[in-house]
Amino acid sequence: MLKKLIAYDFKKTSPAMLAIITLLFIPEIIGLITHAIMEKLYYANSVEVDANTIQVNSDNLPDLYYSLSNMSFVFFLILSAIATIAAIYMIKYYHKTLYSNQGYLSFTLPSSITEVVSSKMIVIFAWAVIYVISATTIFFIGETIITRLYDPVFEPITLSAVAELLEELFPLLFLLFLGLFSQLMALFFCMSIGHLCKKHKTGITALSYTGIAIASLIIIYYNTAVCVAKRGTWWWDLRDLWCPANLIFLFILLVGCYFATIKIMNKKLNLE
Amino acid sequence: MSNLLEIQGVSKKYDKTQALNDVTLSIAPGHIIGLLGPNGSGKTTLIKILCGLLQPDSGTVLIDDNPVGPKSKAVVSYLPDKTYLDEDMKVEAVVAMFKYFYDDFDENRANEMLASLKIDPKSKLKTLSKGNKEKVQLMLVMSRRAKLYILDEPIAGVDPAARDYILRTIISNFDSSASLIIATHLISDIEPVLDEAIFLQDGSIKLFKSVDDIRAEHGKSVDELFREVYRC
């Protein structure tokens, strides 16, 4: 029955999520076109020093270059807004199908409460992965094309270069997804806590999630600082985030909140 | 023949309120039972426990020899007292959803009932009147070939003509080997179809008798006895 639930939830959320992902492509493509124009302007004044080196006189860059550079912040805001819309839609779907009147249908289907709740979580995580991969794929393809077209010292991409890049990116992506999933799971847990309260359900949910989010930031910051100190330096980079303490913490948060949510839903479910 | 529903010593407390107090009852297949009582008597709490929407504090529930869970939910067809479907869905999509999840869902029967209600399957639920939404929900529930039907206030909030339609739909689509529990306080409308009546008060069963026995022993209709028992 879990497979059926997942298939149904996926199908139900597909129209909205595919529309959001399609919407995402518009500012991304416009942003890439803007970046292409900037690259063309930037390298228009370049002088080749030798086979692999060029010199660019940035004093002669036209005003259009700087205007487009300022616009990149706007694109970042638009992309953030679309990501927020996607997150709100999925969380609203989770809440509506489990905690509103639609919960009467969800929880009387011929399946366990664990399967019903897990199905929604799995589908939300799947869409998060699809969303991030779609966004980053368009970005990387676009940047590769732009670099190929306008960078005078562009080196053709080889398979080994791609493998090297993926090897470098994999820990970061893994950490990104683990962090995203653990925070989503923490939110689901907080929603189940809010559901237990008679009054101020939304407030209790928001308050408890704020507490967990702040605690998570403090723990991750502390773990990262310890990792940086071990390297004997003051400057941190991305590999410091990818330390065992952070991975263990995020994993425990993810698994702990999952089992706590399932336990609460199984023992204390009461739709008004 | 074993009982379809066995409830043993079920209790449920909300804070300081004892919603159900040591409820024990058995229901055999092929009966239409009225679950009667005033507001706050524990009807909806008991129904939620039977449907797996609530956990009892103590006691056991067996439906078709299964504890409340996926197997019992597969044989229970439940109509809550509120609109529980996604109103942005079309009627045909809701029918398809029921067919997808429930092996005992009879799509032909559902389509026949839709046709008799003159409801366009392509219309969205939110465009239907309140009465028609309730009829669609009832149609979905009665289109299942379940062993136990549980209807929570199926005729509250609808006009008398709609009530007659709902009762006719219930009776004409009810499988005689199944059992049907109707929770309501509109007893005079329901009484003609009942085999048995359960009177609930303050979370306890005050009475569980056949309608014929009630009339014979008390010389009153169920409605009249109800008014007497629950007089304010």
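Which chymotrypsin sites (Phe, Trp or Tyr not before Pro) from the range A:98-199 combine a DSSP loop assignment with at most 15 other Cβ atoms within 10 Å?
Sparse-neighbourhood loop chymotrypsin sites (Phe, Trp or Tyr not before Pro): A:PHE154.
Compare the Cα positions of A:ILE204, A:ILE214, A:VAL255 along the charge dipole of the range A:196-258 (+1 at Cβ of Lys, Arg; -1 at Cβ of Asp, Glu; about the Cα centre) and return the one farthest towards the positive end.
About the Cα centre, the residue reaching furthest to the positive side is A:ILE204.
Only four residue types carry charge here, +1 at the Cβ of Lys and Arg and -1 at the Cβ of Asp and Glu. Report the dipole size of chain A about the Cα centre in Debye, rounded to the nearest 20.
Value, rounded to 20: 2160 debye.
Regarding chain A, what is the average projected area of its C-alpha convex hull, in nm²?
18.6
Dividing the alpha-carbon Rg of the protein assembly as shown by 2.2 N^0.38 Å yields what?
In units of the 2.2 N^0.38 Å rule of thumb, it is 1.30.
Under 5 Å between amide hydrogens, which residues at least 5 positions from B:ALA19 or on another chain qualify, with H placed 1.01 Å from N in the peptide plane?
HN-HN under 5 Å from B:ALA19: B:LYS12, B:LYS13, B:TYR14.
I need A:LEU79, B:LEU125 ordered by Cβ neighbour count within 10 Å, fewest first.
Starting with the residue having the fewest Cβ neighbours, the order is A:LEU79, B:LEU125.
Of A:THR136, A:LEU41, A:ILE193, whose Cα points farthest to the positive end of the dipole of chain A (charges on the beta-carbon: +1 Lys, Arg; -1 Asp, Glu; origin at the Cα centre)?
Of the listed residues, the answer is A:ILE193.
Using unit Cβ charges (K, R positive; D, E negative) and no other charged atoms, how large, in debye to the nearest 20, is the dipole of the protein assembly as shown about its Cα centre?
Value, rounded to 20: 1140 debye.
What dipole magnitude, in Debye to the nearest 20, does chain B give about its Cα centre under +1 on Lys/Arg Cβ and -1 on Asp/Glu Cβ? All intermediate terms of the calculation are to be shown ahead of the outcome.
Numbers: 29 positive and 34 negative charges, 115 e Å.
Charge dipole of chain B: 560 debye, to the nearest 20.
Between A:CYS227, A:LEU68, B:ILE119, whose Cα lies farthest towards the positive end of the dipole of the protein assembly as shown when Lys and Arg beta carbons carry +1 and Asp and Glu beta carbons carry -1, centred on the Cα centre?
Looking along the dipole axis, the top candidate is B:ILE119.
How large is log10 I(q)/I(0) at q = 0.08, 0.16 Å⁻¹ when the Debye formula is applied to the Cα atoms of chain B, each weighted equally and without solvent?
These q points yield log10 I(q)/I(0) values of -0.29, -1.17.
Could you calculate the FRET efficiency of A:TYR43 with A:THR210 from 1/(1 + (r/R0)^6), where r is the beta carbon distance between them and R0 is 30 Å, rounded to 0.05?
My answer for the efficiency is 0.05.
At most 11 other Cβ atoms within 10 Å and a DSSP loop assignment: could you name the trypsin sites (Lys or Arg not before Pro) in the range B:33-119 that fit? Provide the component values of the computation, followed by the final result.
Values: sites: B:LYS43, B:LYS48, B:LYS71, B:LYS73, B:LYS82, B:LYS90, B:LYS99, B:ARG109, B:LYS118; in loops: B:LYS82, B:LYS118.
When the trypsin sites (Lys or Arg not before Pro) of the range B:33-119 are filtered for loop state and at most 11 Cβ neighbours within 10 Å, B:LYS118 remain.
I want the local charge near B:ALA156. Using Cβ-Cβ distances under 13 Å, sum +1 for each Lys or Arg and -1 for each Asp or Glu among the other residues. Show your work: numbers first, answer last.
On the way: positive: B:LYS43, B:LYS82, B:LYS130, B:ARG163; negative: B:ASP81, B:GLU134, B:ASP152, B:GLU153, B:ASP159, B:ASP189.
My count for the surroundings of B:ALA156 gives -2.
Quick one: if the Förster radius is 60 Å, what FRET efficiency do A:THR144 and A:LYS96 give, using the C-beta to C-beta distance and rounding to 0.05?
According to the calculation, E is roughly 0.90.
A short reminder: the numbers here are calculations on the coordinates, not readings from a lab. Everything numeric here is computed off the predicted structure, so don't read it as measured data. Note: ideal-geometry Cβ built from the backbone for every residue, glycine included; neighbour counts use all protein chains shown.
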